[in-house]
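A.B. asks: Let me give you the structure first, and then I'll get to my questions.
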Amino acid sequence: GRGEGIVVAIGMNTEMGRIAKLLQNDRVKTPLQNRLADFGRKLSVLVILICVVLYLVGLLRGEDPFIMLLTAISVAVAAIPESLPAVVTIALALGARRMVKKNALIRKLPAVETLGSVNYICSDKTGTITQNRMVVTDTWIPSGPAFIPDLSQEKSLLYCMLLNQNVLMSENNGLTGDPTEVALYQHAIDHLQAADLTSDSNIRVAEIPFDSNRKRMTTIHSFGGQYVAITKGASESVNAVCVGENLDKASQAALEFARSGKRVLAYAIKLLSSVPDHLDQTDIEKEMQLVGLAAMMDPPREEAKQAISECHDAGITPVMITGDHPETARTIARETGIIRSDSDLVINGLELAAMSEAEYTKELEYIKVYARVSPEQKLQIVMALQEKGHFVAMTGDGVNDAPALKRANIGVAMGITGTDVSKEAAHLILLDDNFATIMKAVREGRRIYDNIRKFVKYVMTCNSGELWTIFLAPLLGMPIPLLPIHILWINLVTDGLPGLAMAAEPAESNILKRKPRKPSESIFAGGIGYHIAWVGLLMAVVSISVEAWALNAGNSKWQTMVFTVLSLSQMGHALAIRSDRRALFQKGFFSNIQLLVAVFITLLLQLMVIYLPFFQDIFRTQALTMYELAICLGLSSIVMWAVEIEKWVKRTFGEPEPI
């Protein structure tokens, strides 16, 4: 066909330009990015100070300056967990792979961990919390004469359903399109006679598309020598452009339908003598006649009810955002558990627009349902929650949702009904459009962050043990116990396979019973800093004790023994810290096979360095007798048992864990 267009705006002044402008806001850094940046800055300063002090102390003791320089550099290398970026990336990638198997597709890798910090989930209703299987259950028809010639009131409403829609027939004769329109069209063809359906006299000649501000759409059809404009939309929106005596009754009927959890759409018509050359919605959508109401039921997903219950247990506040009537939204919210008390509020878009910033901020955390809101107001909701210090996941599927999705800490797009623009702006795509999938992703996000913290706890404790050993031995009048190559080897072995294997650690059983982490919380929160200090010092004490005993006994293999004890202590530590509170055997010795394999391989590598002549020349090691090796194995287990005692103390005297 052919057509003419009139340019009314260009560039950033168009609707697409306006959305593009909203999309230009900066992405918020994830909690993990902020924590690791802070960790890196503080660790760098601390390591530099330690290395300078170590070098100066060595010079004062008369050590060779070159050897002390190599030692200081080796300590710096050992203290910096250079494998941390690799472990974090692998943990996030493995988490993303797990999530996609559960219908959650991660688009932005850092979002995997951010899910663990979310404490607000703002979700669409239709298709996400509900089944998105609309069925027309009731209709309401006003009293009085019909407005379409030769048609009854009931048939007029059915014709409106039949004509005002954009449903398509699929190849297998199924109906495709918006689920609401499919349900209305299906109801019409089920109740009209075959002759009515085959008539081609009601051709659509014009359309005023639906938009979220009007909450209406209008189509114009030829009808018996004249034309009829059919408007469909939210009941209050359609009532606003109608005239007649039945509007109050229609409002009351719509309210009753909504209170029973049904979605209500109204239809109105207007007879036209001709089709206007210029379609102006303000001219056409006025002084219309109400034809009737259609009430549809979209039942909640059973799994969504369970997921919302898990939200509350996990300290996450679920919020419903919908274009439906407030009473419909309230009923579904009560049924699914989003609304749980009389203090939980339901507001609509008009009320939100009328509230001052101070009023909204005061009521913000009590509002559990937003009804009849525009996509632009989603952005306002996200920003208000973030200003209150909350971490927000926001769902959306339309082009206009894109700014809110990008601004949210976790933007969640719909994989089935979502537009390409919304998916591009989102961090996470729900392949099944299911709210329950969000909670599966949250569980995975928490597991990943737990494992990253375990790695930091593990590697920094090991590094602190090496630093204490090298730093304290000279102060106690003993030789520096390790060569630079020993330090680098321990660093390579301990930060290598065991560290990577921690990314596969299964989730704690109570992971969704805990409250979300505070975004401002340090990566060392929860006692990790104290653990690093005292366990690292214990490693050093055990290692230096071996050195003192061997030197006193005149054993020339003292350095190899210190090297072995320090290496194997770290393997025992790796096994012990798999849980913060549960004992190793409660956790399940074989529940992380990858870590067991990594520890076994590391043990073989250490024995190779001790006993193979080729490596003895490189590492300056000596073969230990079975007695000496047994002493090293026994002493190195002290660290593991000490950590197990620490966990017992937490279980016995600490705060009870959520069950």
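A.B. asks: Mind running the shape call on region 332-402? Use the C-alpha gyration tensor, a ≥ b ≥ c as the square roots of the eigenvalues: rounded below 1.5 for a/c, prolate if a/b tops b/c, oblate otherwise. Working shown, then result.
C.D. replies: Details: a/c = 1.38, a/b = 1.14, b/c = 1.21.
Rounded shape, in that the Cα axes give a/c under 1.5.
A.B. asks: I would also like to ask the following. Listed highest first by mean packing, meaning other Cβ atoms within 10 Å per residue, what order do 474-484, 5-15, 386-396, 179-189 come in? Could you put the intermediate results ahead of the total?
C.D. replies: Values: 474-484: 16.5, 5-15: 8.6, 386-396: 21.5, 179-189: 20.0.
Top to bottom by mean Cβ count within 10 Å: 386-396, 179-189, 474-484, 5-15.
A.B. asks: On the accessible surface of region 399-542, probed at 1.4 Å, how many percent belong to carbon and sulfur atoms? Intermediate results must be reported in sequence, preceding the final value.
C.D. replies: Details: 2940 of 4420 Å².
Carbon and sulfur together cover 66 percent of it.
A.B. asks: I'd like to check one number: the per residue accessible area of region 521-653, probe 1.4 Å, reported in Å² as a whole number.
C.D. replies: Values: 6090 Å² over 133 residues.
With all protein chains present, region 521-653 gives 46 Å² per residue.
A.B. asks: Hey, another quick one. Would you mind checking which residues have amide H under 5 Å from Ile339's amide H? H placed 1.01 Å from N; only 5 or more apart, or other chain.
C.D. replies: Here the answer is Arg334, since their amide H atoms fall under 5 Å of that of Ile339.
A.B. asks: Please report, in debye to the nearest 20, how large the charge dipole of region 275-395 is about its Cα centre when each Lys and Arg carries +1 at its beta carbon and each Asp and Glu carries -1 there. Provide the component values of the computation, followed by the final result.
C.D. replies: Values: 11 positive and 22 negative charges, 87 e Å.
Computed charge dipole of region 275-395: roughly 420 debye.
A.B. asks: Put +1 on the Cβ of each Lys and Arg and -1 on the Cβ of each Asp and Glu in region 111-257; which of Ile208, Met169, Gln131 then has its Cα farthest toward the positive end of the dipole?
C.D. replies: Of Ile208, Met169, Gln131, it is Ile208.
A.B. asks: Which pairs break 27 Å Cα to Cα here: Lys102/Lys454; Lys286/Lys423; Lys388/Lys650? Could you put the intermediate results ahead of the total?
C.D. replies: Working: Lys102/Lys454 25 Å; Lys286/Lys423 37 Å; Lys388/Lys650 33 Å.
Lys286/Lys423; Lys388/Lys650, as the Cα separations exceed 27 Å there.
A.B. asks: Follow-up question, since we're still on this one. If you count only protein heavy atoms and use a 1.4 Å probe, how large is the accessible surface of Thr417, to the nearest 10 Å²?
C.D. replies: 60
A.B. asks: Quick one: which residues, 5+ away or cross-chain, put their amide H under 5 Å from the amide H of Ile367? H built at 1.01 Å from N.
C.D. replies: It is Leu345, by chain and number.
A.B. asks: What does the net charge come to around Leu595 if you take all other residues with beta carbon closer than 12 Å to its beta carbon, with K and R at +1 and D and E at -1?
C.D. replies: On the way: positive: Lys454, Arg578, Lys587; negative: Glu505.
Neighbourhood net charge equals +2.
A.B. asks: Using the heavy atoms of the protein chains and a 1.4 angstrom probe, tell me the accessible area per residue for region 364-483 in square angstrom.
C.D. replies: 26
A.B. asks: Further question: State whether region 277-397 is rounded, prolate or oblate according to the following rule on the C-alpha gyration tensor (a ≥ b ≥ c being the square roots of its eigenvalues): a/c under 1.5 gives rounded; otherwise a/b larger than b/c gives prolate, and the remaining case gives oblate.
C.D. replies: It is oblate, given that a/c is not under 1.5 and a/b is not larger than b/c.
A.B. asks: For Asp64 and Met626, what is the calculated FRET efficiency with R₀ set at 30 Å and r taken between the beta-carbons, to the nearest 0.05?
C.D. replies: After rounding, the FRET efficiency stands at 0.30.
A.B. asks: Follow-up. Roughly how many debye, to the nearest 20, is the charge dipole of the chain about its Cα centre, given +1 on each Lys and Arg Cβ, -1 on each Asp and Glu Cβ, and no other charges? Spell out each step's value before the answer.
C.D. replies: Values: 63 positive and 67 negative charges, 437 e Å.
Approximately 2100 debye in magnitude.
A.B. asks: Could you tally the net charge around Asp211, taking each other residue with its Cβ under 15 Å from the Cβ of Asp211, Lys/Arg +1 and Asp/Glu -1? Display every interim value, and only then the final one.
C.D. replies: Working: positive: Arg18, Arg214, Lys215, Arg216, Lys232, Arg372; negative: Glu15, Asp178, Glu207, Asp280, Glu285, Glu376, Asp401.
Summing Lys/Arg as +1 and Asp/Glu as -1 gives -1.
A.B. asks: While we're looking at this one, here's another question. How far is it, in nm, from the label point at Met383 to the one at Val243 when both lie 7 Å from their Cα along the line to the Cβ?
C.D. replies: Placing both labels 7 Å beyond Cα along the Cβ direction yields 4.1 nm.
A.B. asks: Moving on. For the full complex of protein chains and a 1.4 angstrom probe, list Glu82, Glu285 by accessible area with the highest value first.
C.D. replies: I get Glu82, Glu285, largest accessible area first.
A.B. asks: In addition: Carbon and sulfur atoms: what percent of the 1.4 Å accessible area of region 224-377 do they account for? Provide the component values of the computation, followed by the final result.
C.D. replies: Working: 3070 of 6570 Å².
It is 47 percent, rounded to a whole number.
A.B. asks: Using a 1.4 Å probe and counting only protein heavy atoms, arrange Lys101, Lys21 so the residue with the most accessible area comes first.
C.D. replies: Working: Lys101 155, Lys21 110 Å².
Sorted descending by solvent-accessible area, the residues read Lys101, Lys21.
A.B. asks: In region 114-175, what percent of the accessible surface is made up of carbon and sulfur (1.4 Å probe, ligands and nucleic acids excluded)?
C.D. replies: Here it works out to 48 percent.
A.B. asks: Residues of region 228-279: accessible area per residue at 1.4 Å, in Å²?
C.D. replies: Counting only protein heavy atoms, the per-residue value for region 228-279 is 44 Å².
A.B. asks: Whenever you get a sec, line up Asp342, Asp138 from highest to lowest accessible area (probe 1.4 Å, protein heavy atoms). Show your work: numbers first, answer last.
C.D. replies: Working: Asp342 140, Asp138 50 Å².
I get Asp342, Asp138, largest accessible area first.
A.B. asks: Using the Karplus curve 6.51 cos²θ - 1.76 cosθ + 1.60 with θ = phi - 60°, work out ³J(HN,Hα) for each residue of region 624-630 in order, rounded to whole Hz, and write x for Gly and Pro.
C.D. replies: Coupling constants for region 624-630: 8, 6, 4, 5, 5, 5, 5 Hz.
A.B. asks: With each run of n ≥ 4 DSSP H residues scored as -39500 (n - 2.57), what mean residue ellipticity at 222 nm is computed for the chain after dividing by its residue count and rounding to the nearest 500 deg cm²/dmol? Write down the numbers at each step before the final one.
C.D. replies: On the way: 27 runs with 347 residues, N = 659.
-16500 deg cm²/dmol, from helical runs alone.
A.B. asks: Shape verdict for the chain, please, from the Cα gyration tensor: rounded (a/c under 1.5), prolate (a/b greater than b/c) or oblate. Mind dumping the intermediate values first?
C.D. replies: Values: a/c = 3.32, a/b = 3.08, b/c = 1.08.
Prolate, since a/c reaches 1.5 and a/b exceeds b/c.
The values are calculated or read from the model by the stated rules, or taken from the named source; none is laboratory data. Note that the structure is a prediction, hence the values are computed from the model and not measured. In this analysis, Cβ positions are derived from the backbone assuming ideal geometry, glycine residues included, and neighbour counts consider all displayed protein chains. For accessibility, only protein heavy atoms count, side chains too; no ligands or nucleic acids. Shrake-Rupley method; radii C 1.70, N 1.55, O 1.52, S 1.80 Å.
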